[in-house]
Amino acid sequence: MPDHPVRLLLVEDDPVQARLIERLLDGSSAPRFEVLGASDLSEGLQRLSTDGIDIVLLDLVLPDSEGLETFGRVKARAGDKPIVILTGVDDVQLAARAVEGGAQDYLVKTRLDPDRLIRSLRYALERVRARSAEWDSPMFRLAQQQFLKAAQLMGLDDNIRQRLLFPQRSLLVSFPFRRDDHDQVENVFGYRVQHVLTMGPTKGGIRYAPDVNLGEVSALAMWMTWKCALMHLPFGGAKGGVRVDPTALSRTEVQRLTRRYTAEIVGMIGPDRDIPAPDMGTDEQVMAWVMDTYSQQVGHGVPTVVTGKPVVLGGSLGRREATGRGLIYVVEDAARRMGISLHGATGVVQGFGNVGSAAARYLAEDGVRVVGVSDASGAIHDPRGIDVEAAAAWVAEHGLLEGYPEGDRLTNRELLELKCDVLAPCALQNQVTAENANRIRCRILAEGANGPTTLEADDVLADNGVTILPDILANAGGVTVSYFEWVQGTQNYTWSLEEINARLRSVLSGAFQRVSARAETDGIDMRTAALVEGIARVTEAKLKRGVFP
Ligand code: NAD
């Protein structure tokens, strides 16, 4: 915290309330506050422009503006400066909406005491500072806002809420690897983040992508925590990544990069510690190199240090296609509940990698006419239905869908807007946003990718009657079979594919039932219900374990 006092703009029209807050802040020494008052919105905006404000404490109901309008105008002027909302008990719902829109926190006026007030302001300042440095990423903001929305709904204990907002451990490494010509040495950034260490070892994939950063990896680690808890798996969430474009590297270069990255994070991973798996840009072969490098370092073979490895090295049957298969199991459950027959329904899949290609295949097996598929090279549309096996064979041979002779070409944006029963985004984050949500015309949005839908888009889709099967439920098939792989590895006993698929269906259906029941009982959407289920389990475990020391 800075030595100079924090300049706090208090926008509050009730002079009694304003004096009370000033008195409460008077006793704060770390940080010290200098309070500047404004009794209406126009004065507040004026002071924000001219007075070097560090943080805003904002009453939403003012003489010249009300509700989210007040927040929107202050936010537009405040930019990245933190805003904490002051609210009456009756307006808590409104305050929560402001938090979804980017406010850091909200405080209920009748429950104000110095500790609560000062801590909320201090954390808001620290969070913004952390975000504006390493964690700054839209994906991390989305993960935190989703969490805060669910936490507000649950009335989550403030101590727990603050503990879960940031990952427990983060490692950032910068390391070299040699290009094939042996003259060039590239230097890249790598990450490994463990969000919650309470539930058992941590678990999460490794992503190779050109724009990966600490914020993105942290968001993915947080989602892994909720996903594992929702599935009742004995893991906390983790994730790793290297900021590199793997499509621009040869396989030997990817191998050298992988081995060096593994050596850099070797102290953090282990079969009882943290267990990586594939994610975007990585596959079974990459997992084999991670396992081999780890085993070389510790002096004996340790297959259980990774999951999603080749079957011959102790990988599980069914792991490769587990995320896509699981996605379709959840779609089947949802369709049954909604009274939709999948036979003869239409489907669209964005992304044709590990998750997307399997999802398209299993949709087709269920009798769904897959009218659109896409990858990084663009999209194909064929209202008569795409031959998914032929498209997969083309990609196996050519690397991308580009040049596939059937159907019409569309952009990825246009693909998402095709009318269909089931839309499965299985590529990147941030695909369905406030900008295009109104043009999405599916009945079920099944999130194969992590974080494909923004919070604003969630609201628009809900208004338009779209059922969202949220990522932490819909794409949990991968981590579930990873868990089966880890169990088989630790027992040195393998299961049949039938056994694995039956167990997968049972785990996912159990989670689907819990989420649907929660959504119905609490009158909330499926995403929030899934988050609440996951967060509640982690909270219970944290409370049982207590705080060390
Ligand atoms: P992958 O690398 O195997 O495939 C990614 C696919 O997305 C490729 O077809 C690629 O061409 C396509 N793509 C890239 N940029 C695109 C763009 N701009 N528009 C459209 N398509 C684009 O990755 P994956 O393992 O299938 O992962 C996809 C998503 O699923 C990620 O969000 C990942 O986090 C999530 N996920 C994966 C698993 C798993 O087991 N692999 C598990 C859970 C969630």
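Points worth noting:
- Per-bin percent of Cα-Cα distances, the range 149-306 [5 Å]: 2, 9, 18, 21, 19, 13, 8, 5, 3, 1, 0, 0
- The long axis of helix 251-265 is offset from the longest Cα principal axis of the chain by roughly 50 degrees.
- Taking other residues whose beta carbon is less than 11 angstrom from the beta carbon of Ile328, and scoring Lys, Arg as +1 and Asp, Glu as -1, yields -2.
- Using 0.36 nm per residue and subtracting the Cα-Cα separation, the extra length available between Ser42 and His232 on full extension is 63.3 nm.
- 17 Å Cα-Cα reach of Lys227 towards lysines, excluding residues that sit fewer than 8 places from it in its own chain: Lys149, Lys203, Lys239, Lys542
- Its residue count N fixes a reference of 2.2 N^0.38 Å for the range 178-237, and the Cα radius of gyration divided by that reference is 1.46.
- Using the empirical formula 2.2 N^0.38 Å as the baseline, the Cα radius of gyration of the range 392-549 reaches a ratio of 1.27.
- When you restrict to C-alpha pairs under 8 Å that are six or more residues apart and normalise by the size of the chain, the relative contact order lands at 11 percent.
- Charge context of Leu24, other residues only, Cβ under 11 angstrom, K/R +1, D/E -1: -1
- Taking a straight Cα-Cα cut-off under 20 Å and skipping sequence neighbours fewer than 8 places away in the same chain, the aspartates and glutamates within cross-link reach of Lys419 are Glu332, Asp366, Asp375, Asp382, Asp387, Glu406, Asp408, Glu435, Glu447, Asp458, Asp459, Asp463.
- Using every pair of distinct Cα positions in the range 279-339, the Kirkwood expression returns a hydrodynamic radius of 13.3 angstrom.
- Using 0.36 nm per residue and subtracting the Cα-Cα separation, the extra length available between Ser295 and Val312 on full extension is 4.5 nm.
- When its C-alpha radius of gyration is set against 2.2 N^0.38 Å (N residues), the range 18-99 gives a value of 1.08.
- Helix content alone sets the calculated 222 nm mean residue ellipticity of the chain: runs of n ≥ 4 DSSP H residues at -39500 (n - 2.57) each, divided across all residues, give -14500 deg cm²/dmol.
- Mean shadow area of the range 311-361, taken as a quarter of the surface of its Cα convex hull (nm²): 4.2 nm²
- Carbon/sulfur fraction of accessible area - the chain, other protein chains in place, 1.4 Å, %: 49 percent
- Counting only protein heavy atoms and a 1.4 Å probe, the chain has 41 square angstrom of accessible area per residue.
- Stokes-Einstein diffusion coefficient of the range 406-483, Kirkwood radius over Cα pairs, 10 °C, 1.306 mPa s, in µm²/s: 123 µm²/s
- Placing one equal scatterer on every Cα of the range 108-208 and applying the Debye formula, the log10 ratio I(q)/I(0) at q = 0.13, 0.14, 0.23, 0.25 Å⁻¹ is -0.65, -0.73, -1.42, -1.51.
- Förster radius 56 Å - calculated FRET efficiency between Thr50 and Asp272, Cβ distance, rounded to 0.05: 0.50
- Ordering 447-456, 287-296 by mean Cβ neighbour count within 10 Å, with the highest value first, yields 447-456, 287-296.
- Diffusion constant of the range 499-549 at 20 °C, which comes from Stokes-Einstein with the Kirkwood Cα-pair radius and 1.002 mPa s, µm²/s: 172 µm²/s
- Long-range amide H partners of Glu34 with built H, under 5 Å: Val6, Arg7, Leu8
- The three principal axes of the Cα atoms in the range 215-279 give end-to-end lengths of 39, 22, 18 Å, sorted in falling order.
- Here the translational diffusion coefficient of the range 281-416 follows from Stokes-Einstein with Rh set to the Kirkwood radius across Cα pairs; for 4 °C and 1.567 mPa s it amounts to 79 µm²/s.
- Across the range 75-118, the convex hull enclosing all Cα atoms gives 69 Å³ per residue.
- Hydrodynamic radius by Kirkwood, which averages 1/r over all alpha carbon pairs of the chain, in angstrom: 24.7 Å
- Note on the range 342-395: Rg/Rh from C-alpha atoms, Kirkwood Rh, equals 0.92.
- Semi-axes of the equivalent ellipsoid of the range 384-437 are 23, 13, 11 Å, computed as sqrt(5λ) over the eigenvalues of the C-alpha gyration tensor in descending order.
- Distance between modelled label sites at Asp115 and Asp459, nm, 7 Å Cα→Cβ extension: 3.4 nm
- Think of the chain as having a plus end and a minus end, set by charges on the Cβ of Lys, Arg, Asp and Glu; of Ser170, Phe71, Asn412, Ser170 sits farthest toward the positive end of this dipole.
The values are calculated or read from the model by the stated rules, or taken from the named source; none is laboratory data. Model, not experiment: these values are computed from the prediction. A quick note on method: Cβ atoms are made from the backbone with ideal geometry, for glycine too, and the neighbour counts reach across all protein chains shown. Areas reflect the complete protein model, heavy atoms only, side chains present, ligands, DNA and RNA absent. Shrake-Rupley method; radii C 1.70, N 1.55, O 1.52, S 1.80 Å.
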